Every structure is written in structure tokens, then in C-alpha cells.
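Chemist: Sending over a structure as C-alpha cells; questions will come in a sec.
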Amino acid sequence: MPAKGSNEKATANLPVLVDQRMVRGLAHVLRQHILLATLQRAISPNELHKALGVGLSQVSYHVNVLRNEELIRMERTEPRRGAVEHYYRASAKTLLPAETWRRLKKEMRTVVGAGLASDLFNDVADALKAGKLQGERDHMSRMPLVLDDEGQRNVQAIAERATAEVEDEQRASAKRVANANGNGGDVAGYTFGLLAFEAAWNPPT
């Protein structure tokens, strides 16, 4: 059996396939919910403790993990009864930015893509069970296409532009909510899913 040191030396030259900060940050379900909350607005551990129904010390621990992995950043502090309350906001634009997806190796995309697809369709199923997907702002479409190489490149560019616009809108929404200070109307959890890929079926020739 090779020595431990030789194994570490051999793997040191291997390229990183997935950002380990994201892997470590999302390894615990509570950190996933904290990251989602900080994506929407700047929020303090005390507010997270009340919103999630989890002990303050546990929330504070996982906030520190996310901060150390550079997935969230402290945005401001506010005095609270002789103490200081810290407010954090997500530094990642999305849970898996398009740029991160493009950097993944093809084999790794199979694994990560399967997980993303599962999460997306679980979101759809849960929304249907909850009586959602019936509003005028909801949208679902599926378009089987037959594209040449140029068409595939163009559709990929369209998908990337749409994703960038949605990311911009998330940031704009967060600013509007922050500026409204609770008086800006209701907010809702909203899933944006966009798939553009070569299908397993072949068009007739």
C-alpha cells in the first residue's frame, strides 16, 4: 500500500473539479437554509434563530462556517441593548452559478447535473402539492428542438443571458426589500429553472 505522504503528493497535481468551499458550505442542511436566507437579504444570526426555529448557538456556529468558507460576508453591524448585532449577506450569486457549471469537467457534470435536476423536479412536485403553479406569474414550457451547431451555440448564449438577467433581478429585489424595511409588500420563494441540453432522442433524418 502506498504511503499516505506519497498519495497526498500525487493528488497535489490533480485539478480541482468542484469549489470545495461550496461543498463544505452546503454539507449541512442548516447552512443551506442560512445561505438561502442571506441570498434574499442581509440577516443576523438572531433573526435566523427566530425564523428557522433553531438554537442561536447552533445558528451562530454555522454562520461562522459559511463566513470562513467565504460564502457569506458581513454587511453591517447594529447596536442592540449594549451588544452589537452582525448582519450577513450571501457572497455567492446563486447556489451554483453558471460560471461554476461551465468549469466542471464533463464527468462531474453528470453527477452534479443529476442532483440539480432532482432538486428542480422536487421543487416542481412540492409546488404542485402546495397548490402553486397556478398563478399568472408562474411559467412552465418544454420545447423539443432540432438544431444545427450554430443553433445550439445560439440557444446556449440565450440561456446564459437569461440566467444573468435573473441573477441581476435577484440582486435588485434584495435591494428593494432592504430599502422598503418591511413595508414593500409580500415576498415569495421563487424557483427559476432553465435547461438547455442535447436530448437522448434523435431527430428523424
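The values are calculated or read from the model by the stated rules, or taken from the named source; none is laboratory data. This structure is a prediction, so every number in the text was calculated from the model and none was measured. Because the Cβ atoms are built from the backbone with ideal geometry, glycine has one as well, and the counts that use them run over all protein chains shown.
Here's the yes/no breakdown for (1) exposed (fewer than 14 other Cβ atoms within 10 Å of the Cβ); (2) within 22 Å of Ala180 (Cβ to Cβ); (3) more than 13 Å from the chain's Cα centre (by Cα); (4) not assigned by TED's automatic domain parsing to the domain that holds Glu169:
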| residue | (1), (2), (3), (4) |
| --- | --- |
| Arg31 | no, no, no, yes |
| Ile34 | no, no, no, yes |
| Arg41 | no, yes, yes, yes |
| Ser44 | no, yes, yes, yes |
| Leu56 | yes, no, yes, yes |
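Chemist: Please name all residue pairs, on different chains or six or more residues apart, with Cβ atoms under 6 Å, provided the first residue is in region 190-205 and is surrounded by fewer than 10 Cβ atoms within 10 Å (Cβ to Cβ) and the second residue is part of a loop (DSSP other than H, G, I, E, B).
Modeler: Between residues of region 190-205 that are surrounded by fewer than 10 Cβ atoms within 10 Å (Cβ to Cβ) and residues that are part of a loop (DSSP other than H, G, I, E, B), the close pairs are Pro203/Val146.
Chemist: Just one of (1) modelled with pLDDT of 80 or more; (2) basic (Lys, Arg); (3) within 28 Å of Leu104 (Cβ to Cβ); (4) surrounded by 16 or more Cβ atoms within 10 Å (Cβ to Cβ) trips up Arg73, so point out which.
Modeler: Tallying (1) modelled with pLDDT of 80 or more; (2) basic (Lys, Arg); (3) within 28 Å of Leu104 (Cβ to Cβ); (4) surrounded by 16 or more Cβ atoms within 10 Å (Cβ to Cβ), Arg73 fails exactly one: (4).
Chemist: Moving to a separate point now. Got a number for residues in region 80-102 being outside any helix (DSSP H, G or I) and modelled with pLDDT under 90?
Modeler: 13
Chemist: Then there's this: I'm told Glu167 meets every condition in (1) surrounded by fewer than 13 Cβ atoms within 10 Å (Cβ to Cβ); (2) in the same structural domain as Asp126 (by TED's automatic domain parsing) except one. Can you identify the failing condition by its number?
Modeler: Every listed condition holds for Glu167 apart from (1).
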